[in-house]
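All remarks here apply to the structure that follows.
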Amino acid sequence: MSLPMHLRAYTEKTKDELTRDLFNAPFPDQLPAPSEPPVVTKPARGAKGAIGSAAGLSSMDIIAVLSVEGKEDVYAGKLSLLPPFLCFVSNDRRSCRCTLPLYTIRRVERLNSRAGVFALSLATWHGMRIILQLTSLLPTAEHFAILLRDALKSQLAEMKVLKTFLPSLYSEYLLNSGSSTPNAEASLVDMPLEGEGDLRGPGGEGRGTYERGLGETFGFPGDARKMRERSKMKLWKEYFVIHGRNMTLLRYPPFQRLLQVGLPSRLRGELWEVMSGSVYLRFANPQTYSLLLSENAGKSSQSTDEIEKDLNRSLPEYKAYQTDEGLARLRRVLVAYSFRNPELGYCQALNIVVAGLLIYMSEEQAFWLLEVLCDRILPGYYSPSMEGTLLDQRVFESLVKRCLPMIHDHFRSVDVQISVASLPWFLSLYINSLPLIFAFRIVDCVLAMGAKVLFQIGLAILKINGEALLEVTDDGMFISLMRSYFSTIGDSAHPTHPDPRVRNITNFQELLVVAFREFNVITDETITSERRRLRAIIADEIEKFSKRAAVRNLRNVGRFNKEQVGIIYDHYFAAVCSPEAGSGAVTPAGPGELEQPRIAVDAQGRVETRIDLRTFKVLLSGIATWAREETITTNAFMQRTERRIADHEMIDRLFFMWDSQKLGTLSLQDVVMGLDRVMSADLLESIEWFFELHDKDADGYLTKDEVIRLSESLLFIFRNEPGDIYLAAVSRFILNAYEFGDATAPESSLPDPQDSVPMDGDEQTASQSRERSNSQAGPHNLPYLSLATFRMVVLADELLESFFGHDLPASFQLEDTQEEDYHKTHAKPDGLLGGLVNLVVNDENKSRFNRFADGIGSALGKHAEWRKPAISKADQNAPVPIDTRARESLLTPSQRQRVRSASSASQLSVQSNKTSASASTTNTANDSRTLADVEMRYREESEMVRAAQEAVMHRPNFAIDAIGDSDGEDEGGEDDVMDEVEAFLKAHGGDEDNALKGAEKKAAEDLLTAEPMGAPPSSSRRSTGDLVDL
Amino acid sequence: MASEDPSVKAVQVKLVLLGEAAVGKSSLVLRFVQNDFNENTSPTIGAAFLTQKCRLENRVVKFEIWDTAGQERFHSLAPMYYRNAAAAVVVYDITKAASLEKAKAWVKELQRQANPNIVIALVGNKLDLVEGADGEEASTPTEAPEAADEDAPADEDEDGTPPPPAAAPASEGPRQVSHAEAKAYADECGLLFFEASAKAGTNVQDVFTEIAKTIPLDTITPKPAAGGAQNRRSAANAAAGDASAVNLGDGAAAKKGGCC
């Protein structure tokens, strides 16, 4: 049984994280400096606070206008310094984007321009010149420049690495193979022509040292001619010359168009890693992959076994995966990642995804892209509870409901779940569903634009097949329909249309058009907000599911019923997640380590969560009344109880007694059996386990020391009982134990005058019982008191008898923890009332409120505190003594005062509820702003839905241009590609690139010719000598 | 039985296969559906979907088979596949005691969470590994065969458990679950029980035939095969009606269904 603990540890992403995600920029902790030792296993994503501040570099956003030498377009947008990256996104978030690693910037100069314009000129590694106007107030711009300068300085070392890194990228080979000077590339040297049958596509003959995928050897899927590889390659080459390449690639409008017609096979791997940002990880962690392989060579694990089993089932139709070479690569990447991220390990479907990646990428490239996929693009998809998959399926369903209500209603009426078909789409990025050449075009878009593409494509598939889907009555029909659609995805969408241009539009092109035009209302924000809305529900479901499974899978539940076991599970889980139990993060520890709540793999290879002693104390404090310190505080307003965890050797003993396999940790099964024994025990059984608890060597005898320990345990349990009857009982117990003990002890342990040692060690605790016999000074480590004698001693005392017979078992209480609603109550800001309560009552203001109330209470003289006793016979909730008459006399005057105020407190408690309620209302006012936000967001979303519905209703005919499908790729082929490109441009809705016009553009153009200022130290930077070429 | 027209009409039965990883679920299905092993088993993501007809004396049953992924983390997806299932085949490996425990957990889960009338068959697979007489024949691997998997009893590549018994190809050596034990459990829980070999084909057909016979077909909502167009249309109409009733004046939405 393993607990889905990460679900509780989940926190929404911070603004900084979201910005980094937007730019595919990894975090600094994922990017060790070249001097640092390589990080092999995945660093725990816990130290989020340290981001940015670690290297003393700060992030900053600023409004800016960007233009590039050689391009007309000028864009206004946001410039973000996210060390070690400088990122820009245009205001429409679509037209222009870049993520520049600072180590690719050779030179920054402040430009001398008209007054009031603060402009920087950036020269990149590839000779591109970018002009940035910082349009904020001058001091802000200057501050930004200072931060930029500091960040640039810190990256000098990386710049040296860049030189050796770049040859691993195909685009370098592509642009340098023809001529040596980058500028001469503009003339576009003809690319080498391949033989007719070369499946690898144009662009090289396998020379160069660039990283390459299996396709270079075994051929890329699809027909290179039909896919117009040559033309595409030429267009990309042109694009690279002006807009930079690989690490300095700038996304300008043509990028989107080139992307959507499908990337050329040879460039695909590189563009994948550049678009997804995985290239930055590969750059910064050059040794990780090979170290992972060498350090774990020969090791086997559950993951490696599972990987082995799936190797032959991973795209077996592709030639390379029928060879040892292909399978070996696949194995190495999957195995390396399973050791990189042992918490995730291996999940079926990763084999398909990685097999796909490896066609276009080298092992190392695929490895890092896999990390980005698992971490960011498809978060939680492949984790052990697959919560990301479940969540996104739910998100998808809710989007279907919004955008395609008829299909949703129909599927609901015939009780078919869309997930039965859509789950593999998402999990394998469509690689497993569509023919490979089409699937990879979807992968292109996912890696460039994020997970929203998966949803857009999915919705488009359903919409295009809408009519047929309304005829579906069961799972089987649904699956068959989808299969037949996918098998004809390359066919003409309008085979009978008179216009040949229309006839040439394939189902796949139609799919993309529908996906990106009609469902472009599905944005990253839609997905994020839907995920946020549904996450709590999914998390609850997973927890309930794993709870059911955990309870069901217990081998033995003792005398408990299912509900009780459920409560034990809740306590167990709550303890594991509690902050007192240490870090909530699960660290899969090696067998030698004694980590906090830890994961162990049982004999059947199943993963199991076990708890350590520290967590056990938390658990027990929730169940046993004596294992916690409860302070009850009353003030004028309310009565409240504060719990802390008690600590005593007895709890440790209990832990080790329950540890059936002597592993130093307890499983849920251990806890259930342990509780079963103590909770359902009758008098004699209680006496017996309590005896065993203190009989360390289990020889059936307590030594004298152990008798003392046992009485200390009793005193510990009784510590908060009012009065001294229990104290007296323990004293009597000790006396009797020694008296009977002397009479019954085995020969060997009879008092021997020679080694009479005073019992110093026990003196301080035992001092509470002054009456203890001092005459029994004998050896303390010899068998002394048998169970029978112990039993006799206990039964001689009425109070102890009733304690063992009833109070001890009853001191273990299974109260409902209300764990089940954990997520819902926490993440339901939309529900009006629940939201209110959550907004008002958070931990911080609760304690502040309590302190405030205490203050008033003590001012009124109505503040009182007392410890709740562990054994309260009369009433569990009120501190009423067992025998009031006998006790009353023993109370000190001040104690009497407390008791009295306690009773007045309980009268007040009703009133206090009202008071606190009104206090809540006052707080509400402060939070109304937040509520308004929530409502506004809701309104925005519903407007989006309406827009989506309208788009669905008024769907015009496709305006896609014809694509000549002639086999021979003649000179006109290039135009054809551009036709297709233009079609997408039109289809994509936003024809205008939202570039700046008029005066602003003029200003930007002026800057291109502006002279650098006298290099003020604040903003210019002269990089290492040999790199300066200006 | 209420089978008035036993000639052609196929009754659809949704069947789900469950069991620990590597017990041979996919192999069983392939043996049943194609009467063969497929070198390149299609990968199971969530679940693979296959269909096969089973002819009885008086009727034809068309099985719609969901072959679920055995990996533990896919467990939480299983309810999606076993809901509404009329039959379930829970598979374990007779050479691995632990796989029976997992099978029992599946049976429990089905009995609590699935359709109350579900017919469950417990199948102990890999019978070929323990039949001494078939020792020679047993040299084809059970689970989706690996290229190098020539040694029949060496199932260790499919699971992490060490394979000491596999080393000995002796008669009953590798068997870890006795026929009697499993049979007793199946009887106690009211399950159909078989020991089968997907590899050799032993008993595979019988499993499905017996399920087909056992299923109380009158309790299954008849899924129209041929004459059901009307039925379906009316269902679609009903759905359409619902939709337009819900968003009146939203006629375009209803139109959309018909024109795309």
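Taking segment A:529-582, which residues are open to solvent by 50 Å² or more (accessible area, probe 1.4 Å) and without any contact (Cβ under 8 Å) to a residue 24 or more places away in the chain?
A:Arg548, A:Asn561, A:Lys562, A:Glu563, A:Pro579, listed by residue number.
Quick one: is B:Gln52 in contact (Cβ under 8 Å) with a residue 40 or more places away in the chain, of a type outside the set (D, E, K, R) and within 24 Å of A:Tyr430 (Cβ to Cβ)? Quick ask: steps written out before the conclusion?
Values: in contact (Cβ under 8 Å) with a residue 40 or more places away in the chain: yes; of a type outside the set (D, E, K, R): yes; within 24 Å of A:Tyr430 (Cβ to Cβ): no.
So B:Gln52 does not fit the description; no.
Name the residues in segment A:763-819 that are at pLDDT 60 or above, not hydrophobic (A, V, I, L, M, F, W, C) and not in a loop (DSSP other than H, G, I, E, B), would you?
Listed by number, the residues that qualify are A:Ser786, A:Thr789, A:Arg791, A:Glu798, A:Glu801, A:Ser802, A:Gly805, A:His806, A:Asp807, A:Pro809.
Cβ-Cβ distance below 6 Å, separation of 6 or more or different chains: which pairs start in segment A:476-491 with a residue that is assigned by the TED database to the domain that holds A:Glu510 and under 20 Å from B:Val16 (Cα atoms) and end on one that is outside any helix (DSSP H, G or I) and of a type in the set (D, E, K, R)?
The qualifying pairs are A:Gly476/B:Glu64.
Among the listed residues A:Leu357, A:Leu399, identify the single one that is open to solvent by less than 10 Å² (accessible area, probe 1.4 Å), within 30 Å of A:Leu267 (Cα to Cα) and part of a helix (DSSP H, G or I). Steps first, answer last, please.
Numbers: A:Leu399 fails: within 30 Å of A:Leu267 (Cα to Cα).
Testing whether each residue is open to solvent by less than 10 Å² (accessible area, probe 1.4 Å), within 30 Å of A:Leu267 (Cα to Cα) and part of a helix (DSSP H, G or I) leaves just A:Leu357.
Of the residues A:Arg257, A:Arg282, A:Arg251, which single one is away from every other protein chain (no Cβ under 14 Å) and over 30 Å from A:Val74 (Cα atoms)? Break it down stepwise before answering.
On the way: A:Arg257 fails: over 30 Å from A:Val74 (Cα atoms); A:Arg251 fails: over 30 Å from A:Val74 (Cα atoms).
Only one candidate passes the filter, namely A:Arg282.
Taking only segment A:213-250 into account, find how many residues are surrounded by fewer than 22 Cβ atoms within 10 Å (Cβ to Cβ), of a type in the set (D, E, K, R) and not in a helix (DSSP H, G or I).
Here the count works out to 3.
Can you run down the residue pairs with Cβ atoms below 6 Å, 6 or more apart or on separate chains, where the first is in segment A:784-806 and farther than 17 Å from A:Ala743 by Cβ and the partner is modelled with pLDDT of 90 or more and of a type in the set (Ser, Thr, Tyr)?
A:Phe804/A:Ser686
Test of understanding: among A:Glu467, A:Glu510, A:Glu471, A:Glu530, which residue is acidic (Asp, Glu), under 30 Å from A:Thr11 (Cα atoms) and either out of contact with any strand residue (DSSP E or B) (no Cβ under 9 Å at 6 or more places or on another chain) or assigned to a loop (DSSP other than H, G, I, E, B) (or both)? Give the steps one after another, and end with the answer.
Working: A:Glu467 fails: under 30 Å from A:Thr11 (Cα atoms); A:Glu510 fails: under 30 Å from A:Thr11 (Cα atoms); A:Glu471 fails: under 30 Å from A:Thr11 (Cα atoms).
Answer to the selection: A:Glu530.
Collect the residues in segment B:73-122 that are outside any strand (DSSP E or B), away from chain A (no Cβ under 12 Å) and either basic (Lys, Arg) or under 13 Å from B:Val16 (Cα atoms) (or both), keeping them in residue-number order.
B:Ala114, B:Ile118
Of the conditions (1) within 22 Å of the chain's Cα centre (by Cα); (2) over 23 Å from A:Ala355 (Cβ atoms); (3) in a helix (DSSP H, G or I), A:Ser385 fails just one. Which one is it?
Single failed check for A:Ser385: (3).
Given the conditions (1) at pLDDT 95 or above; (2) farther than 24 Å from A:Trp425 by Cα, which single one is not true for A:Gln287?
Checking A:Gln287 against (1) at pLDDT 95 or above; (2) farther than 24 Å from A:Trp425 by Cα, the one that fails is (1).
Only one of A:Val453, A:Val420 is open to solvent by less than 10 Å² (accessible area, probe 1.4 Å) and more than 30 Å from A:Glu211 (Cβ to Cβ); which?
A:Val420
If a residue must be closer than 16 Å to A:Gly213 by Cα and touching a strand residue (DSSP E or B) at 6+ places or on another chain (Cβ under 7 Å), how many such residues does segment A:284-335 contain?
Final tally of qualifying residues: 0.
Can you tell me which residue within segment A:308-345, out of those that are among the β-branched types (Val, Ile, Thr) and more than 11 Å from chain B (Cβ to nearest Cβ), is nearest to A:Pro384 (Cα to Cα)?
Looking only at segment A:308-345, we keep the residues that are among the β-branched types (Val, Ile, Thr), and these are A:323, A:333, A:335.
Among the residues that remain, those that are also more than 11 Å from chain B (Cβ to nearest Cβ) are: A:333, A:335.
Values: A:Val333: 19, A:Val335: 16 Å.
Restricting to residues being among the β-branched types (Val, Ile, Thr) and more than 11 Å from chain B (Cβ to nearest Cβ), the top hit is A:Val335.
How many residues are more than 12 Å from chain B (Cβ to nearest Cβ), of a type outside the set (Gly, Ala, Ser) and either assigned to a loop (DSSP other than H, G, I, E, B) or closer than 17 Å to A:Pro379 by Cα (or both) if we restrict to segment A:404-462?
Here the count works out to 10.
Among the residues that make up segment A:384-391, is at least one of them more than 11 Å from chain B (Cβ to nearest Cβ), within 27 Å of A:Asp310 (Cβ to Cβ) and not aromatic (Phe, Trp, Tyr)? Before you say what the answer is, go through the steps one by one.
As a first pass, look at segment A:384-391 and keep what is more than 11 Å from chain B (Cβ to nearest Cβ): A:388, A:391.
So of that shortlist, the ones also within 27 Å of A:Asp310 (Cβ to Cβ) come out as A:388, A:391.
Pick out the ones that are also not aromatic (Phe, Trp, Tyr) and you get A:388, A:391.
Yes, the conditions are met somewhere in segment A:384-391.
Can you name the number of the only condition in (1) touching a Leu at 6+ places or on another chain (Cβ under 8 Å); (2) surrounded by 22 or more Cβ atoms within 10 Å (Cβ to Cβ); (3) hydrophobic (A, V, I, L, M, F, W, C) that B:Leu100 fails?
For B:Leu100, the exception is condition (1).
Please go through (1) away from chain A (no Cβ under 14 Å); (2) modelled with pLDDT under 95; (3) not in a helix (DSSP H, G or I) for B:Ala148 and return the number of the only condition it doesn't satisfy.
Looking at each condition in turn, B:Ala148 falls short on (1).
Results for (1) under 18 Å from B:Gly124 (Cβ atoms); (2) modelled with pLDDT of 85 or more; (3) within 10 Å of another protein chain (Cβ to nearest Cβ); (4) open to solvent by 10 Å² or more (accessible area, probe 1.4 Å), shown as yes or no for each residue.
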| residue | (1), (2), (3), (4) |
| --- | --- |
| B:Asp5 | no, no, no, yes |
| B:Glu20 | yes, yes, yes, yes |
| B:Ser27 | yes, yes, no, no |
| B:Glu39 | no, no, yes, yes |
| B:Ile45 | no, no, yes, no |
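Taking A:Arg503 and the conditions (1) within 14 Å of chain B (Cβ to nearest Cβ); (2) open to solvent by 20 Å² or more (accessible area, probe 1.4 Å), which numbered condition does it fall short on, given that it satisfies the others?
Going through the list (1) within 14 Å of chain B (Cβ to nearest Cβ); (2) open to solvent by 20 Å² or more (accessible area, probe 1.4 Å), A:Arg503 breaks only (1).
The values are calculated or read from the model by the stated rules, or taken from the named source; none is laboratory data. Computed from a predicted structure; not experimentally measured. Cβ coordinates were reconstructed from backbone atoms using ideal geometry, including for glycine residues, and neighbour counts include every protein chain displayed. With ligands, DNA and RNA removed, areas are computed over all heavy atoms of the protein, side chains included. Shrake-Rupley method; radii C 1.70, N 1.55, O 1.52, S 1.80 Å.
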